[in-house]
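Just so it is clear, none of the values below were taken in a lab; they were calculated from the coordinates. Keep in mind the model is a prediction, meaning the values are calculated, not measured. Using ideal geometry, Cβ is built from the backbone for each residue, glycine included, and neighbour counts are taken over all protein chains shown.
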Amino acid sequence: MPRVRLIDEGGEQLGIKPTPEALEYAYSKGLDLVEVAAQADPPVARVMDYGKYRYEQEQKAKLARKHQSQIHVKEIKLRPKIGVHDYETKKGHVLRFLGQRAKVKVTIMFRGRETLHPERGRDLLMRLADDVAEVGHIEAQPEVDGRNMVMVLAPTKAAGKERQVSEAESEVKSATGS
């Protein structure tokens, strides 16, 4: 590239210069000459501190990764003829998972003649959805998948808030010594 469009460190265009002259200008300022648009005619080169530029780019990328939230999917398996106590235990697990801001895939496993009565499984899933309505809502309605019936619950905006509040209160109590 014999000539480049030169941009100084302030962002002002200095015009089209021969490459050696642009390099000399950058080195006289104690900075680097970086090609920013190679496909342009003539190519665009910018005078900047390349190390500082790369550091700032890494910091932006790190901040963007920090603010991303990963969605975890937990799975609970039930049977249509589940006992009352077993149901309460599984419901407690679902509440805990939703409190952790995770999605919950609830699976009803049918065996033998149970497959003839999918409405029992649907009723059980809807009952579970109603029981956890304050912290979770139905993201995927119950649907039959072979011998299983699957429903996905997602946390609501309020899910996990009570736990954070109670943790903050317990920290305050432990700090005051009461």
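General observations
- Any chance residue 112 is closer than 13 Å to residue 136 by Cα, out of contact with any strand residue (DSSP E or B) (no Cβ under 9 Å at 6 or more places or on another chain) and of a type outside the set (D, E, K, R): no
- Selection over region 1-28 of residues that are under 19 Å from residue 41 (Cβ atoms), out of contact with any Phe, Trp or Tyr (no Cβ under 9 Å at 6 or more places or on another chain) and either surrounded by 17 or more Cβ atoms within 10 Å (Cβ to Cβ) or in contact (Cβ under 8 Å) with a residue 12 or more places away in the chain (or both) gives a count of 10.
- In region 104-129, the residues that are free of Cβ contacts under 8 Å to residues at least 12 places away in the same chain and of a type in the set (A, V, I, L, M): 116
- Within region 127-155, considering residues that are aliphatic (A, V, I, L, M) and either assigned to a loop (DSSP other than H, G, I, E, B) or on the phi > 0 side of the Ramachandran plot (or both), the one surrounded by the fewest Cβ atoms within 10 Å (Cβ to Cβ): 133
- Residues of region 135-152 that are closer than 21 Å to residue 115 by Cα and among the β-branched types (Val, Ile, Thr): 144, 150, 152.
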